[in-house]
Amino acid sequence: MGIVLLTALGVGGATVIGAALGVIFKKATHRFSDIVLAFAAGVMLAAAVFGLILPAVTEGGKYGLWIAVLGIFAGALLLNFTDKMVPHLHNLMGRAEERHNNRAINRVLLFVTAIAIHNFPEGLAAGVGFGGGDTARALIIAGGIALQNIPEGMVIIGPMLSTGMKPKKVFGIAALTGLVEVIGTFIGYFAVRIARTILPFALAFAGGTMLYVISDEMIPETHAHGSERGATYALLFGFCLMMVMDVLLG
């Protein structure tokens, strides 16, 4: 249980670390941000496939393949429904950067809310991994999510600072988005521990939510500023790095 707590705090705290880096490197180019975020997308993609979806197929036994397919689409549909409730992250971020009046603050708060909502399934994925009992694989998943949270924390800083918010308040808001992941981690962990029969579906569900975030938010954002080639290779590098870690440490 102790390692789950430390991991949950690490996953959530990575967003705050990213926020700190965002303040330090607030003048970083779009190219740099795109490459870092694409690398994180590759890491998350490998974590979703090797740490969640393939184990779901294995754990599901005879019907594991179809349970995994169902879980993936269930996770994706949940986030699709969530996107209907809140604006898309990249669209809202762009609007926030273009405005410097009081109305921009409201848009930025919506942007942060969207980030927080999307953080929940990431925490859920980390918790489900630990609930499955494979600590080494769970740590790889959590590490991938934490790596992704660092550039995400960097991304949310710019729009908030552009509205005139003080850095201390910005850090507080970033910490709240990280707290959502901590909560999601514990929910995923206890849900699977209580009902092990749902493990295959829960693994695939968490993997589906991660795939949705990668495809719907991260890749479009990294390919929107003219750095597509660099972002593509950064994604491949992140994916291969996590694949190697999964094989060597698994």
Residue-ordered couplings for the stretch 202-214, obtained by feeding phi - 60° into the Karplus form 6.51 cos²θ - 1.76 cosθ + 1.60 and rounding to whole Hz (Gly and Pro as x), are 5, 4, 5, 4, 5, x, x, 5, 5, 4, 5, 4, 4
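What order do you get for 200-213, 37-50 when each peptide is scored by the mean count of other beta carbon atoms within 10 Å, highest first?
On the way: 200-213: 27.3, 37-50: 25.6.
Taking the mean over residues of other Cβ atoms within 10 Å, the ranking is 200-213, 37-50.
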Taking a probe of 1.4 angstrom, what is the accessible area of T58 in Å², to the nearest 10? 110 Å²
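The values are calculated or read from the model by the stated rules, or taken from the named source; none is laboratory data. Everything numeric in this text was worked out from a predicted model, so none of it was measured. Cβ coordinates were reconstructed from backbone atoms using ideal geometry, including for glycine residues, and neighbour counts include every protein chain displayed. Just so you know, the surface numbers come from the protein's heavy atoms only, side chains and all, with ligands and any DNA or RNA stripped out. Shrake-Rupley method; radii C 1.70, N 1.55, O 1.52, S 1.80 Å.
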